[in-house]
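Accompanying notes for the structure given below.
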Amino acid sequence: MANSTHHTGRLAADPKLRTVDDLQVCNMRLAVQRRRGRGGEDRGAFFIDVVAFNGLAGICDKYLHKGSRILIDGHLDIQEWTGQDDVRRWTPKIIAEQVEFLDPSPSSNAAEQAPADELAERRAQHDEQDMAVPAAA
C-alpha cells in the first residue's frame, strides 16, 4: 500500500463512538512523542486524529481509554471543508486498519480482556469493507 502510516502513542482522550446510519465510527486523538533534541531535551508530542470503523471501532471504544498506549497501522486521509467564514480548511486523519494494544492487561481476569479471536475476526471484517470516510464523519 502506497499510503501507509504507523504511529505509536497514547490516547489524549477517551475514544468517542457514534453510529452513522449502520456504520460505527470511533474517533480518537493520538499523542505521538517527538524525538528528543540533541541535548536530550523533551520536544513534546504532536497530536493526530484517528478514525476506526465498525468492529474495530467497537473494540477500541470498549477496551481503550485516555492514556492507553497503542500502535496504529492505517492510511492518511485528508478531510476538506469550507467554514462558515468561507475559508477552505483541511484536517489530516489516520484511518485505522489495525490497532495494537501495547499496555499490559489491567486484569488477569480473562472475561475482561479482548479475546484474540474476536480481534482477528473484527480485523478480517474490517479489511473487507470499503474504508471511504462518510461525508458526515
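The values are calculated or read from the model by the stated rules, or taken from the named source; none is laboratory data. If you're wondering where the values come from, they're calculated on a predicted model, not measured in any experiment. So basically every Cβ, Gly included, is an ideal-geometry build from the backbone, and we count neighbours across all protein chains shown.
Data table
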| item | result |
| --- | --- |
| Tally of residues being in contact with a Gly (Cβ under 6 Å, 6 or more places away or on another chain) and under 12 Å from L64 (Cβ atoms) across segment 1-36 | 2 |
| Flag for V50 being within 17 Å of T8 (Cβ to Cβ), surrounded by 14 or more Cβ atoms within 10 Å (Cβ to Cβ) and aliphatic (A, V, I, L, M) | yes |
| Residues being surrounded by 21 or more Cβ atoms within 10 Å (Cβ to Cβ) and under 10 Å from P15 (Cβ atoms) - total across segment 25-47 | 2 |
| Filter result (aromatic (F, W, Y) and surrounded by fewer than 21 Cβ atoms within 10 Å (Cβ to Cβ)) within segment 53-77 | Y63 |
| Some residue of segment 25-34 being under 11 Å from the mean Cα position of the chain (by Cα), at pLDDT 95 or above and not in a strand (DSSP E or B) | no |
| Which numbered condition A2 misses (of (1) of a type in the set (A, V, I, L, M, F, W, C); (2) within 20 Å of E100 (Cβ to Cβ); (3) surrounded by fewer than 18 Cβ atoms within 10 Å (Cβ to Cβ)) | (2) |
| Tabulated pairs, segment 32-55, first farther than 17 Å from K93 by Cβ, second exposed (fewer than 10 other Cβ atoms within 10 Å of the Cβ) and among the hydroxyl-bearing types (S, T, Y), C-beta under 8 angstrom, 6+ apart or interchain | none |
